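Novice: Dropping a structure here in structure tokens format, bear with me for questions.
The values are calculated or read from the model by the stated rules, or taken from the named source; none is laboratory data. In this text, all values refer to a predicted model and were calculated from it rather than measured experimentally. Reconstructed Cβ throughout: ideal geometry from the backbone, glycine too, with neighbour counts over all protein chains shown.
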Amino acid sequence: MDLRDTPAEAELRKELRGWLEANWREGMSQQEWFAVLADSGWAAPLWPQEYGGRGASASEAIIFNQERQAIGAEPPPRGIGVPMAGPTIIQHGTEQQKQRFLAPMLRGEEVWCQLFSEPGAGSDLAAIATKAERDGDEWVINGQKVWTTHAQLARWGILMARHDPSLPKHQGITYFICDMHAEGVEIVPLKEMTGEAIFNEVFLSDVRISDDLRVGQLGEGWKVSMTTLANERMALGLGGLGGTAAGAPVDLAEADAESSLETMGKFIARGPHALVELTKRAGLAEDPLTRQRLAKVYTMYEVNRFTGYRITTALMKGQGPGVEASTGKLAYNQLVRAVADYLIHLSGAGAIGAPDDDKLMKTAERLNLVVPATSIYGGTDQIQRNIISERVLGMPKEPRGDAEIPFSEIRKGAA
């Protein structure tokens, strides 16, 4: 693809820079900024105008994001809502659902979570066992979900549940919107080795969900969930690698102020110049081994940049997020691991139990403790490799002997 602006794109970039400078100011509250973005359609530029977006092209959305980053403006609401739940509701939801949920989502007024993973399903999402039983105009939900990010903050959750175990595992699933404040929803934080509790277990005991909160038709849960996951992988694959201006100072104080996931995302987004600056601070800029390791990480940044261009190209051609998203997510995971390892190289053994007053070691410690999560959420590295091998390389598919038999007849565990 040609990365140079067309005359029209150059004019748009100039207009957007002026708009951002007029509307963003340091110190404004997050809710104020979210409202400005929502009112202008820039909270979700790719969404249709009738649902609060701008109906923008991919190139227009990219230019806006680049200019937003350039002036240091905060991003729109992220998490599960705008990138994942929103596009799913737009594609599969009812008009009533779109009118109820999309506007508060864009304004960041309601946080969303994802109720997909289960303790007994592992990486096989189609093996979920949470039950959905029809009772008149309601569904009664019983089951357990795990690794639910920010469930303790969420107002709504997107939920996969099995309505018919007599059907093959991919066919007996239906997709719902779950009220996280409903009776029977119990949220149990999972304390991570960072000391935080970003992830949670969610127990669903006779939780009642109205049928008008079903997304898609009965039995279309797998199809609907693929829309959610494709958008998730696209967002993760792009990886937020826009970065700040070259030479911008690295403020490690945010390692204390942010969650570990936010620290990691912001640090990675700065680009390789941040590692160069920290290498100089550590007095290792002339060390041959360090320079070799730094060059390797720099190369991985470049790989991620060009992988992001492939995703961008697909979007600009009007294609939905496809296998490029899996490639991008896998490449991003490897980059994050390499950056975390490099920070340990700079910090040495002091990064284990790092003192609060040494911000470099503290950042290295936090990134290394949180980095395993990137290889799990959004589909494990192994799942991404399977997708790439089967859909890109044309390799034989893994044998799936349980795909056509009723879910109730599938052997589970050691049974």
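Novice: For the range 372-391, give me the residue count where each residue is aliphatic (A, V, I, L, M) and at pLDDT below 80.
Specialist: Residues meeting the conditions: 1.
Novice: Can you work out which of the residues in the range 144-201 that are under 16 Å from Ser117 (Cβ atoms) and among the hydroxyl-bearing types (Ser, Thr, Tyr) is farthest from the chain's Cα centre (by Cα)?
Specialist: Tyr175
Novice: What pairs can you find where one residue is in the range 31-45 and without any contact (Cβ under 8 Å) to a residue 24 or more places away in the chain, the other is among the aromatic types (Phe, Trp, Tyr), and their Cβ atoms are less than 7 Å apart, with a gap of 6+ or different chains?
Specialist: Close Cβ pairs (under 7 Å, with a partner that is among the aromatic types (Phe, Trp, Tyr)) amount to Pro45/Phe64.
Novice: Out of Ala338, Ala354, Ala364, Ala373, which single residue is more than 16 Å from the chain's Cα centre (by Cα) and either buried (at least 23 other Cβ atoms within 10 Å of the Cβ) or closer than 21 Å to Gly79 by Cα (or both)?
Specialist: Result of the check over Ala338, Ala354, Ala364, Ala373: Ala364.
Novice: Residues being in contact (Cβ under 8 Å) with a residue 40 or more places away in the chain and acidic (Asp, Glu): count how many of those fall in the range 345-380.
Specialist: Of the residues in the range 345-380, 1 are in contact (Cβ under 8 Å) with a residue 40 or more places away in the chain and acidic (Asp, Glu).
Novice: Moving on. Given the criteria modelled with pLDDT of 80 or more, of a type in the set (A, V, I, L, M, F, W, C) and outside the structural domain of Thr148 (by TED's automatic domain parsing), does Leu229 qualify?
Specialist: yes
Novice: Okay, moving on. Kindly check whether there is at least one residue in the range 55-62 that is modelled with pLDDT under 95 and within 25 Å of Cys178 (Cβ to Cβ).
Specialist: We begin by selecting, within the range 55-62, every residue modelled with pLDDT under 95; these are 55-62.
Still in the running and within 25 Å of Cys178 (Cβ to Cβ): none.
Among the residues of the range 55-62, not one is modelled with pLDDT under 95 and within 25 Å of Cys178 (Cβ to Cβ), which makes the answer no.
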